[in-house]
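To keep things clear, I will list the structure first and then write my remarks on it.
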Amino acid sequence: MKTRIEELVRLLNQYADEYYRQDKPTVSDADYDKLYRELVELETAHPELILPDSPTHRVGGKVLDGFEKFSHVYPLFSLQDAFSRAELEAFDQRVRKEFPQATYICELKIDGLSISLTYEAGKLTVGATRGDGSVGENITENLKRVADIPLTLPVAADMTIRGECYMPKASFARVNKQRQEAGEPEFANPRNAAAGTLRQLDTGVVAKRGLATFLYQEASPSEALSQSDVLHKLDQLGFVTNHDYQLADSMDEVWTFIEKMAERRDDLPYEIDGIVVKVNDLAIQEELGFTVKAPRWAVAYKFPAEEKEAEILSVDWTVGRTGVVTPTANLSPVQLAGTTVSRATLHNVDYIAEKDIRIGDTVIVYKAGDIIPAVLKVVDKYRANQEPMPIPTICPSCSGNLQHYEDEVALRCINPLCPSQLMSKLEHFASRDAMNIAGLGTSIVEKLFQAGLVHDVADIYKLTVDDLLTLDGFKEKSAEKLYQAIQASKNNSAERLLFGLGIRHVGSKASKILLENFGQVEKLAQAASEDIAALEGLGQAIAKSLTTFFVSQGAQQLLAELKEAGVNLSYLGQVADENAALSGMTVVLTGKLERMKRSEAKAKLEALGANVAGSVSKKTNLVVAGADAGSKLAKAQELGIEIKDEAWLESL
């Protein structure tokens, strides 16, 4: 019985691989279904014999309670965007300034959702969303229902693989037809459909919608020497990779590939929105490193956005948390990149003046970065209004005077008590990437503010259940739920708090770097500007902004109130220790470790102050080599780099 189950699982997985990945089926659907039914019958009779890589795991049937957070061992960085050949040339110049011999690999930018797949001993253990790059959501059960993701690898390896999950055009058309027939709203585009599917709590829905993947990165340490080698390795391991890639020695070759794929774009069975250009050599990637937000060795060229004509009916002016007043055009509705657009940003008053935009103008509208609708230019031949756009001088929120400083493009409200600024700051503080206070959204913040219950972020922690019950729409259960969410946020690691304070130039990545190094918000508040600017990936602008903020009496009072309320001001991750045994050293792990998992070894090295890199380069200080170490060990020996073994690491 056990032998027959093992044989059926092997055969069915082989046939699925031939069908989904190789596009070369060797059995008919009827024969596959016959074997599948036999396996189901055997597993039903003998559930203790069900194997972890059985294809029956791919069907639905589970209703999930929700999604847990998942902290990525290897952070997912976003890519720097480029919108012109000139920007690509600038990227090329930055790379060749350090590495004149660098070559590139051009890959299609799939319009889907970034995913991370973790395998232990060759078995899929965690499938997660990108999230903010550091923390995503565990959607393993849903990703198991994506037919082309291997549940088991042909080797018993510990590894983390990255890629894109998307909805093919054929699946998108089928799903929308079904939703239309059922009287449900249709998805706007395949990306939204894929995102909505992966967040389903009913795995049966996921199994039926026909999602697919392209995998492209080995995030865990790799023996590969180049990105093209990585793609070949992923192919051999049973992942689906996109074979429409191109190696290029120059930007001329890169641009030729971009033009070719722009012409083929509409004929592909899936959506793409650009081309990703990467340095092919992984050792050069390692030496180029990262900025706070993105790798220095890659750039994402975005195809020009679709453009449509629309009429400006009116303009709304809104105040943000920094006091900047932003104009938004109300438009005659137009279909753009799969969605109906009736509003578009006009950026700022200088942009309005430069483009001479007026009420009643017919304008060209596009989606900036395929996301935010924006006005590109005026269609002059349709102009009827001879009056320039009226620019407000009074804040629409507080009626205070607006300023337009010579060194800024923005119109700004300088009233620190402006209600819109205060409410926007409160919303930002409670947002997912900051303190993540579930339920404290725009409408609730507005109610709290209008009721006089909150004026700054510290007031959030003074709220009681009774306070919340005074607001319209709150019952005992909902008030208690929000109160508990506020209390839970006190325990967040302090980089979330720092980001939530909304200090100019200080984003979530910079906040994490700062707290990794300083450990506590209070220590950061006392740090010298030059010490902050010296941190890799930061600089003078962030340093000046932080020191200006923390020297103010208002900031000092705010921190005191937050501390008194019990809000954590310390970093809960691993704080850099300049006295640690491997402080400041770049270490590479290679080969098979016998007594430690790769993730455990990496965590120990980082706890000892090391920066754990994925490939050997001139900047590598030390290599820890296990059994069967390959090219990385050879390169380390060639460069004269110190080599240690697992026993040495355990002894530290």
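The values are calculated or read from the model by the stated rules, or taken from the named source; none is laboratory data. Remember, it's a predicted structure, so these values are computed and weren't measured experimentally. We place every Cβ from the backbone using ideal geometry, glycine too, and count neighbours over all the protein chains shown. Accessible surface areas use protein heavy atoms only, side chains included; no ligands, DNA or RNA. Shrake-Rupley method; radii C 1.70, N 1.55, O 1.52, S 1.80 Å.
Descriptive notes on the structure:
- Single residue of the stretch 352-409 satisfying the filter (aliphatic (A, V, I, L, M), touching a residue at least 60 places away in the same chain (Cβ under 8 Å) and within 30 Å of GLY112 (Cα to Cα)) that is surrounded by the fewest Cβ atoms within 10 Å (Cβ to Cβ): LEU376
- All conditions but one from (1) closer than 21 Å to THR318 by Cβ; (2) within 32 Å of the chain's Cα centre (by Cα); (3) free of Cβ contacts under 8 Å to residues at least 40 places away in the same chain apply to ASP459; the one that does not is (1).
- Inter-residue pairs, beta-carbon under 8 Å, first closer than 30 Å to VAL73 by Cα and in the stretch 160-189, second open to solvent by 40 Å² or more (accessible area, probe 1.4 Å) and assigned to a helix (DSSP H, G or I), 6+ apart: TYR166/ARG191; MET167/ARG191
- Selection of first residues in the stretch 534-552 that are of a type in the set (S, T, N, Q) and of second residues that are buried (at least 18 other Cβ atoms within 10 Å of the Cβ), restricted to Cβ pairs under 6 Å at least 6 apart or on distinct chains, gives the following pairs, ordered by first then second residue: SER545/ILE503.
- In this structure, ALA283 qualifies as in a helix (DSSP H, G or I) and buried (at least 16 other Cβ atoms within 10 Å of the Cβ).
- Of the set (1) surrounded by 18 or more Cβ atoms within 10 Å (Cβ to Cβ); (2) closer than 20 Å to LEU558 by Cβ, all apply to ILE444 but (2).
- Single residue of THR56, THR103 found to be surrounded by 13 or more Cβ atoms within 10 Å (Cβ to Cβ), out of contact with any Phe, Trp or Tyr (no Cβ under 7 Å at 6 or more places or on another chain) and modelled with pLDDT of 95 or more: THR103
- Residue ID - farthest from GLU309 (Cα to Cα), chosen from residues in the stretch 319-335 that are part of a strand (DSSP E or B) and open to solvent by 40 Å² or more (accessible area, probe 1.4 Å): THR326
- Odd one out for TYR483, checked against (1) modelled with pLDDT under 90; (2) assigned to a helix (DSSP H, G or I): (1)
- Test: residue in the stretch 190-203 that is in a loop (DSSP other than H, G, I, E, B) and buried (at least 18 other Cβ atoms within 10 Å of the Cβ): yes
- Residue match in the stretch 552-566 (condition: in contact with a strand residue (DSSP E or B) (Cβ under 9 Å, 6 or more places away or on another chain), surrounded by 15 or more Cβ atoms within 10 Å (Cβ to Cβ) and not in a loop (DSSP other than H, G, I, E, B)): no
- Conditions (1) within 26 Å of the chain's Cα centre (by Cα); (2) outside any loop (DSSP other than H, G, I, E, B); (3) over 19 Å from ALA121 (Cα atoms); (4) touching a residue at least 60 places away in the same chain (Cβ under 8 Å); number of the one not met by LYS632: (1)
- Those residues of the stretch 421-440 which are in a loop (DSSP other than H, G, I, E, B) and open to solvent by 30 Å² or more (accessible area, probe 1.4 Å), in sequence order: SER431, ARG432, ASP433, ASN436, ALA438, GLY439
- Condition check for VAL454: buried (at least 16 other Cβ atoms within 10 Å of the Cβ) and assigned to a strand (DSSP E or B): no
- Residue check for ALA555: modelled with pLDDT of 90 or more and hydrophobic (A, V, I, L, M, F, W, C): no
- Criterion applied to ASP628, ASP645 was being modelled with pLDDT under 80, open to solvent by 40 Å² or more (accessible area, probe 1.4 Å) and farther than 29 Å from ARG504 by Cα, and the one residue passing it is ASP628.
- Looking across the stretch 627-646, the residues that are among the small types (Gly, Ala, Ser) and under 19 Å from MET585 (Cα atoms) come down to ALA636, GLY640.
- Scanning the stretch 262-278 for residues that are in contact with a Cys (Cβ under 8 Å, 6 or more places away or on another chain) and at pLDDT below 95 gives no hits.
- Residue list for the stretch 148-160, restricted to those being of a type in the set (A, V, I, L, M, F, W, C) and closer than 22 Å to GLU271 by Cβ: ILE149
- Those residues of the stretch 460-480 which are surrounded by fewer than 18 Cβ atoms within 10 Å (Cβ to Cβ) and in a helix (DSSP H, G or I), in sequence order: VAL465, ASP466, ASP467, LEU469, GLU476, LYS477, SER478, GLU480
- Restricting VAL319, VAL324, VAL341 to residues that are more than 24 Å from the chain's Cα centre (by Cα) and over 30 Å from ILE542 (Cβ atoms) narrows the list to VAL341.
- Matching residues in the stretch 139-148 - criterion: being crowded, with 20+ Cβ neighbours inside 10 Å and either among the polar types (S, T, N, Q) or more than 29 Å from ARG496 (Cα to Cα) (or both): ASN142, ARG145, VAL146
- In the stretch 243-258, the residues that are among the charged types (D, E, K, R) and in a loop (DSSP other than H, G, I, E, B): ASP244, ASP249
- Scan of the stretch 118-136 for residues that are open to solvent by less than 30 Å² (accessible area, probe 1.4 Å) and under 22 Å from LYS293 (Cα atoms), ordered by number: ALA128, GLY133, SER134, GLY136
- Of the candidates ALA310, ALA262, ALA305, ALA300, the single residue that is in a helix (DSSP H, G or I), in contact (Cβ under 8 Å) with a residue 40 or more places away in the chain and of a type in the set (A, V, I, L, M) is ALA262.
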